[in-house]
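What follows is calculated from the coordinates using simple rules that are stated; it is not laboratory data. Just so it is clear, the model here is predicted, and its values are computed rather than measured. Every residue, glycine among them, receives a Cβ derived from its backbone with ideal geometry; neighbour counts consider all protein chains shown.
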Amino acid sequence: MASSKEYLDFVLEQCSSLSARAMMGEYVLYFGGKVVGGIYDNRLFVKPTPSAIVLMPEATRELPYEGAKEMLLVEDIEDRDFLKKLFEAMYEELPEPKKKK
């Protein structure tokens, strides 16, 4: 099931520093140019960085799609302050984007 544009728009409104790129009916999410997670089946997932695990110790770990790496499901997408704190904490732990040739 593809994610809806309405769900994407809601998530982007919750954290103005996020941006997204459509990919096969789903969305990859970027924070400061780095991939932080994605929206799959109208659910927000983030990479399991050490800070994300500390901030969401009870988060469900799932494979958002076949062949994917395990990610953390973000249950409370309505808490803007939490989302901002989460993405800011994750930012330093994520690799720099690969340079395009």
*For the chain, which span is the longest to avoid every loop-located (per DSSP) member of GluC sites (Glu not before Pro) having at most 16 other Cβ atoms inside 10 Å?*
1-57
*Mind pulling up the Rg/Rh value for the chain? Radius of gyration and Kirkwood radius, both on Cα.*
0.93
*Counting helices only, and only those DSSP H runs with n ≥ 4, report the 222 nm mean residue ellipticity of the chain as the sum of -39,500 (n - 2.57) divided by its residues, in deg cm²/dmol to the nearest 500.*
-8000 deg cm²/dmol
*Using a basic spin-label model with each label point 7 Å from the Cα along Cα→Cβ, how many nm lie between S19 and Y7?*
2.4 nm
*When the Karplus curve 6.51 cos²θ - 1.76 cosθ + 1.60 is applied with θ = phi - 60°, which whole-Hz ³J(HN,Hα) does each residue of the stretch 59-64 get, with x for Gly and Pro?*
4, 6, 9, 9, 8, x
*What is the sum of charges around S4, taking Lys and Arg as +1, Asp and Glu as -1, for the other residues whose C-beta is under 15 Å from the C-beta of S4?*
-3
*Using θ = phi - 60° and the Karplus curve 6.51 cos²θ - 1.76 cosθ + 1.60, what whole-Hz ³J(HN,Hα) does each residue of the stretch 10-16 get, with Gly and Pro shown as x?*
4, 4, 5, 5, 5, 9, 5
